[in-house]
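First up is the structure itself, then whatever we jot down about it.
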Amino acid sequence: MLKRFFILCSGADSDLMNGCSNGEQNKYAGIGATVFFTAVMAFIASSYALFTVFDDAYMAMGFGLVWGLLIFNLDRFIVSTIKKRDSFWSELKQATPRIALAIIIAVVISKPLEIKIFEKEINTVLLKEKNQMMLTNKKEIANYFQSDLDKNKTQIDSLKSDVLKKEKEVNELYAVFITEAEGTAGSKLLGKGPVYKEKRQKHDASLEELSLLKTTNQAKITDLETKAKTLQADLDKKIIETQPIIEGFDGLMARINALNQLPWLPSFFIMLLFLAIETSPIIAKLLAPKSEYDFKQEDNEMGIKNMLAQNNYQSELQRKTDAEIYDKVYADIRDDKELYDYKKKSALELLKLQADGFVEKQKRSM
């Protein structure tokens, strides 16, 4: 039962194969098994590749099944259409486009499996790329908000600086009227005289200005600090929003690019393995001598060709014979007097009718 299934997979004619030897059947069963398991590998590879795209196992397996059946049909077609000929170069010529197609199929099948085989190494490469992308992303977002943050900080520093300058001015005025009272500076008169009162009033006025400035600037500083916190919150929010995009950077194309960054030799040998599997039925057919099945197939084809050639010959002969008979019949009719008179009478009646019709048409137009 299994052997019949694999023979069916090979694309061989089951009627011809039933009359072949057991060894011949085993050979084609082996070719069919290669075709079948290549399709199975294509199903697995495409399912995994599509799973990285859709993140849905059922959808990936559904499309993978369609792809596996397509590869199975292509391989079966490629193997079944290669026929043994009398010249190896003729066989190679007819097999060349099929080999090229087999190479393309092998590459397409091997790439997703390479991604799965080297998954851990690919994940390491992707992790490095994600980390670098995170750092770059944070830097770009920070640069985007940096001008506003710097401007905000400059304004806060300026307001604080104004308060410090005013405090310094008040302290200096305080020292002036104190030294005036002590008589160590200014008029150098001990006691609280008119000069002292003048300097004290100036200090008190500056102190009131300082108090007002502190209140005003503190309100502005509070607003600016709130704005700074809002900007920082927006910056953090932007980073958090872009984080899932970076975390999701592990699709099919990203994994293929990561695979290309790994040493090429292991990947190359895996591709060669699938290439050998995919082209082995074709190569086996090319290198193997004509066998029992090939002779039977050629015999059937020759029988059909002979039958077609005979039918074509008979059809051509019948056409020529019918042509000669009709030529002779019409030659005899042409010499018949009674038929000539009848044709002449009919032609005259037709000419009269045409002439009468023409006259009536001319009369109506006048």
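Quick look at the values:
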| quantity | calculated |
| --- | --- |
| Neighbours by Cβ (under 8 Å, 6+ apart or cross-chain): first from the stretch 271-290, in the same structural domain as Arg98 (by TED's automatic domain parsing) and closer than 15 Å to Ala39 by Cβ; second in a loop (DSSP other than H, G, I, E, B) and of a type outside the set (Phe, Trp, Tyr) | Pro281/Ser10 |
| Of all residues in the stretch 241-259 being not hydrophobic (A, V, I, L, M, F, W, C) and not in a helix (DSSP H, G or I), the one that is nearest to Lys120 (Cα to Cα) | Asp250 |
| Single residue of Lys160, Lys130, Lys220, Lys227 found to be closer than 30 Å to Trp264 by Cβ, at pLDDT 80 or above, of a type in the set (Lys, Arg) and surrounded by 13 or more Cβ atoms within 10 Å (Cβ to Cβ) | Lys130 |
| Thr34, sole failed condition from (1) farther than 25 Å from Lys116 by Cα; (2) among the β-branched types (Val, Ile, Thr); (3) buried (at least 19 other Cβ atoms within 10 Å of the Cβ) | (1) |
| Residue in the stretch 296-314 that is of a type in the set (S, T, N, Q) and not in a helix (DSSP H, G or I) present | no |
| One residue from Ile122, Ile82, Ile105 being assigned to a loop (DSSP other than H, G, I, E, B), of a type outside the set (Phe, Trp, Tyr) and in contact (Cβ under 8 Å) with a residue 40 or more places away in the chain | Ile82 |
| Filtered residues of the stretch 253-311 (kept if of a type in the set (Asp, Glu) and within 38 Å of the chain's Cα centre (by Cα)) | Glu278 |
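The values are calculated or read from the model by the stated rules, or taken from the named source; none is laboratory data. The structure displayed is predicted, hence computed values, not measured ones. FYI the Cβ positions are ideal-geometry reconstructions off the backbone, even for glycines, and counts take in every protein chain you see.
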